[in-house]
Every structure is written in structure tokens, then in C-alpha cells.
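Below is one structure. I have some questions about it.
Here, each number is a calculation from the coordinates, and none is a lab measurement. The model shown is predicted, which means the values in this text are computed figures rather than measured ones. Methodologically, a virtual Cβ is constructed for each residue, glycine included, from the backbone with ideal geometry; neighbour enumeration extends over all protein chains shown.
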Amino acid sequence: MLLASFCANLAMVRTDAVANFYSPVTRVWELLIGALLARKLSTKNNSSGFQANVANPLAVGGLAAIFVAELLLTKDTLFPGWWALLPTLGAASIIAAGPAAWVNRRLLSHPTMVWIGLISYPLYLWHWPILAFLRITGALKSPLEIGLCAIGAALVLSWLTYRFVERPFRSQRIDLPSHTTPTRDPAAPKRRAAALLAFMTLAAVSGGVIHRTHGSIQRDRLKIASLPALPDKGVFDRLKIYEHYEQPNTTCRDRLSMSLLPEEVCVTNSTAPKVMFFGDSHAMGLYSAIFADRLAVPSVLIASPGCLVYPNLTYRPKGKEWGQNCTDIAKKGLEYANRSPDIGTVVISMVRKGDNPDSLTNFYSGDRQMTEREVLGTGTEHLIRSLLSSGKTVIYVVDVPYFHHTPETCQSKFLVSGADQCVFNRSAMNAPFKDYFDVLRKIQKENPGLRILNAEDVLCRKDTCAQHDDAQYFYIDKDHLSVYGSMTVLASLFRQFPVD
């Protein structure tokens, strides 16, 4: 079972990292390592661990493994995967070393460390909601203030939870005044078990309802006067699912005789599409109104989340991270657009880059690793020129404004501050992306046949950009269009550049 769970973890971490992180099937191997260790140490001959000459290196090695994991793991690391071995085996090594190890005898046996150990599980449960609450409300601005406040609050709440929730539930003793003899209530375990079962059932039912309704309960509850209801993410989620082939969309195969590459999203509503949408997840967001049958445009979407479609450059992700097929998807999309007699218009939509112009990327020209500025200029210009040279009408959509908060966060902040946090100054928002706009102006000047649609001109009012208008949200998150946002941008696009 341990080996099967670990192998499932390795397989799922590349396809659905979120599900892999939370699924008990792919995480139970970590608990089983602890169970095996407990079984081994509980035997009569192993109850006190190893001798000092073995225990010390084992404990130090375990501690080092945990520190290495802390130093090397980042938000971009595929976790759990192989990386989970470091903290898991590190912790197991420290426990296995037993009391003979100096680390355990002197450091981890200190009363302060023992106290932290006692409240460790409540601390694990409390720290994240506290951090999320502080960030959502915006009550504190400085990361240092947020960190100190979160740590202090988590420690206090964790101790209270341990003292008044965990200890009473784990003990059958009834605490009485000091002059009285403590007694045991034989029915207490059954009552506690029933209460826990009822609470878990309620949590499971609530989670199931929220999942089935796509959060509509929360959207209705958080509907605030002067702010629209939260957007429905269902359409974009159905598009994203195809990248993992959990619910494969076969329209490209059935209508266009096109086979899909791994990591590719390909959707069409016609056997003879006139418009091709090409890009990353932002192209998917732009296409969502057509996918939801809110706009009738004979079209095809070829995209991949997180993949900038630059066929002249080679994308080399680190290890086996997402993006192994980015280059092939880019080449396939360009080749299909150029050879298809039906495709007359290609709409390019990708995430805006250029805010870190000198940072190295995973794109290569030959063996030379390229900077963000070089990729933006070389890749975009080659893609546009290749399409124009084949006689296609090319429309480049200047990316939508990027917001610092999701609609949900803005709603929550509004409840606390009374101010709409989803409204920003356009100039200030675009300041970090100077290189992005400079490159696009240069390419447009050198390619007069290129047509440009600036999504900001559609979604913003003069120098003010908002995630919503008076009716609905344009976004489902910080930078992906909702169906309503897609309809708004595409209506302007096809009004300016009609398709025959």
C-alpha cells in the first residue's frame, strides 16, 4: 500500500498537483512510514531507538533533510512528488534516532520545544486561515506585520484549542475542583465520538453542496450593494479540465481530424472554422464566451495553459515540470493556421510579460538561454510575421489588465473596509510592463498589416480599470476573463475587425 500510494503521488503530481496534494490516496504513504516506524519502535527490543554512535548521525541527517527541504522548495516546485521524501524521511530519521541522540535529548526535549510539539497540530490548522484573513482584509500592509500578527494569534489560538478542545476530547477524566477526587465518565468517549462524527458529516455535506453548486451559495451571500455577484468559473474550469484529459473534448479530432498533443487544449465549434484563437490560458479565457455558446463564431481554439506559443524558440522546463510540449504545440498551431484554407483570421492572446525584462526564462535559441525581453521581442515578431506572410489576418490582443486581487478577495475586503479594492489606476498598473508595450509598438510599426485590439481600451474607463462594471465581473480571477468579460472584449474585437 505504501509503495502504491507513493507511485500514485509521482504520477499525479505532473497532471493535477492540487488534487495530488490533498488526496489521501497520494499522501497516505507518508503516514504509513510513521506507522511502520511506530510498529518497529514499539517492539520490546527497539523501544529506546539506536545507540548513540548511530542515533546522532541519524538525527542530524534527518534535521538536515528538513532544513534542505525548507531552503529548496518553492511555489514552483512539483510537490509532493519526490520532494516529499526530504521532510518525511527527515522526520522519520529524527524519531527513529530515539533518546540516545543529542538532538532529541537536548534540543527537542527542551520544555519550549515540547510545548510547541503539543500544540503543533492546532498550529497547523490555525496558521493558514489566519494568514488568509489578514491578507484578505488588508488590515495590515507590511509582510512583517502580517507575519508577526499571524504567529502570535496562531500560538494563542493553538494553545486554547489544545487546552480546551484537544485535551478534553482525548481524556475521559472529568476535571473537578481541587478538593474533589477526579472521576471518569464511561459514556464520555461515545458522546465525543458521536459529536465528532456529526461534525465531520456536516463538513462533508457542506463541502459537497459547495462543490455541486460551484460556490453559488457563497456568491449569493457575498452579493453586496454596489458590487456585482461573483462570477461563475464553470466554463473556464471545463476548458482547463481538458489539459488533464479527465473529460477530454474530442471536437478537434471529430471535426478537424486533428490529434491532440499532451498539455494541449483544442476546441472547435465548426468543421470549417474561420477564426483561430491561439495562445495560453488567456486565449482560453478570451474564447470562453464562444465555448459557452454565447457568441456564434465558427472558430477553433488551440492553446495550452502556461505556454507562450513561440514556434521559433525552444521551451525547456526544469525537470519534468509542466510545459514539455509547449514548443510542439506552438509549431502545430502555426502549421495548422498556415495550411488551413478556411482560417482567415488568427487571434493571438497571451499573458503580458516584460515586468522582469532581464531575467532568464526557460526559452532557448539554440543553446543560448534567453531573457524575458528577448523572448517577448523575438518570439512575438516571428509568430506575427509567419502568419502575415501566409495571408492571414492577424489580430493581436493586448493583454487584459492584471489585478492584485481576485473577485472573492475584493468582495471580502469590501465587507471590512467598505472600499472597492478591484479598481486601479491604469498608468500605475502598466508601469512595470513598459517593455511589453514598447515591444508591441515596435512590432506594429514594422508590420503595418498587423491589427491590434487593446483589451484595456475595452475594459477600462479612461485611466481607471476595474474588474467589473455595474452588472457583472469581467474576470474570474486576477487576470483571466469570465464569460461576460469574454463577450465584452470579443464584441469589440469583431465590431472593429469583422469576419467574413
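Roughly what would the spin-label model give for Thr77 and Asp16, points 7 Å off Cα along C-beta, in nm?
Result for the modelled spin labels: 2.4 nm.
Something else: Rounded to the nearest 5, what is the percent of antiparallel bridges among the DSSP beta bridges in the chain? Write down the numbers at each step before the final one.
Numbers: 18 of 36 bridges.
Antiparallel: roughly 50 percent of the beta bridges in the chain.
Among Asn447, Ser109, Ala4, whose Cα lies farthest out toward the positive end of the dipole of the chain, if unit charges sit on the beta carbon of Lys, Arg (+1) and Asp, Glu (-1)?
Farthest towards the positive pole: Ser109.
Still on this model: Can you tell me the FRET efficiency between Trp159 and Ala471 if r is taken as the Cβ-Cβ distance and R0 is 56 Å, rounded to the nearest 0.05?
Calculated transfer efficiency: 0.70.
Of Met429, Pro341, Leu86, which is farthest towards the positive pole of the chain's charge dipole, taken about the Cα centre with +1 and -1 on the beta-carbons of Lys, Arg and Asp, Glu respectively?
The Cα lying farthest towards the positive end belongs to Leu86.
Here's another thing I want to ask about it. Based on the alpha carbon coordinates of the chain, what radius of gyration and maximum Cα-Cα distance (Dmax) apply, in Å?
Calculated on Cα positions, Rg and Dmax stand at 27.9, 95 Å.
On to the next question. Please arrange Phe277, Phe50, Phe236 by how many other C-beta atoms lie within 10 Å of their C-beta, fewest to most.
By the 10 Å Cβ count, ascending: Phe50, Phe236, Phe277.
Continuing with the same structure: How would you classify the stretch 374-457 from its alpha-carbon gyration tensor, with a ≥ b ≥ c the square roots of the eigenvalues: rounded for a/c under 1.5, else prolate if a/b is greater than b/c, otherwise oblate?
It comes out prolate by the Cα gyration axes.
Let me ask something else about it. Please turn the phi angles of the stretch 364-370 into ³J(HN,Hα) values with the Karplus equation 6.51 cos²θ - 1.76 cosθ + 1.60 (θ = phi - 60°), one per residue in order, whole Hz, x for glycine and proline.
Couplings: 10, 10, x, 9, 8, 6, 9 Hz.
Just need the relative contact order of the stretch 234-329 here, percent rounded to a whole number, with Cα pairs under 8 Å and 6+ apart. Spell out each step's value before the answer.
Values: 158 pairs, mean separation 26.4, N = 96.
This gives 27 percent for the stretch 234-329.
Treating only the Cβ atoms of Lys and Arg (+1) and Asp and Glu (-1) as charged, compute the dipole magnitude of the chain about its Cα centre; round to the nearest 20 debye.
In debye, rounded to 20, the chain gives about 1500.
Here's another thing I want to ask about it. Hey, which of these cross-link pairs are over 32 Å Cα-Cα: Lys75/Lys442; Lys233/Lys353; Lys320/Lys392; Lys353/Lys462; Lys274/Lys320; Lys413/Lys445?
Lys75/Lys442; Lys320/Lys392; Lys274/Lys320; Lys413/Lys445
Using modelled amide H (1.01 Å from N, peptide plane; none on Pro or chain starts), what sits under 5 Å from the amide H of Phe277, excluding residues fewer than 5 places away?
Val300, Leu301, Ile302, Val347
Now for a separate question. Just want to confirm a number: the relative contact order over the chain, from Cα pairs under 8 angstrom separated by 6+ residues, in percent.
After rounding, I find 11 percent.
Here is a further query. For the stretch 1-109, what relative contact order do you get, as a whole percent, if you take Cα pairs closer than 8 Å and at least 6 residues apart?
32 percent
Let me make sure I get this right: for the stretch 1-109, a, b and c are the square roots of the gyration tensor eigenvalues over alpha carbons, sorted descending. Under 1.5 in a/c it's rounded, otherwise prolate if a/b > b/c, else oblate. Which is it?
oblate
Using the charge dipole of the chain (Lys, Arg: +1 at Cβ; Asp, Glu: -1 at Cβ; taken about the Cα centre), state which of Ala330, Tyr475, Cys252 has its Cα farthest towards the positive end.
Tyr475
Let me ask something else about it. From the gyration tensor of the Cα coordinates in the stretch 282-344, what semi-axes in whole Å does the equivalent ellipsoid have, largest first, with each one equal to sqrt(5λ)?
25, 16, 7
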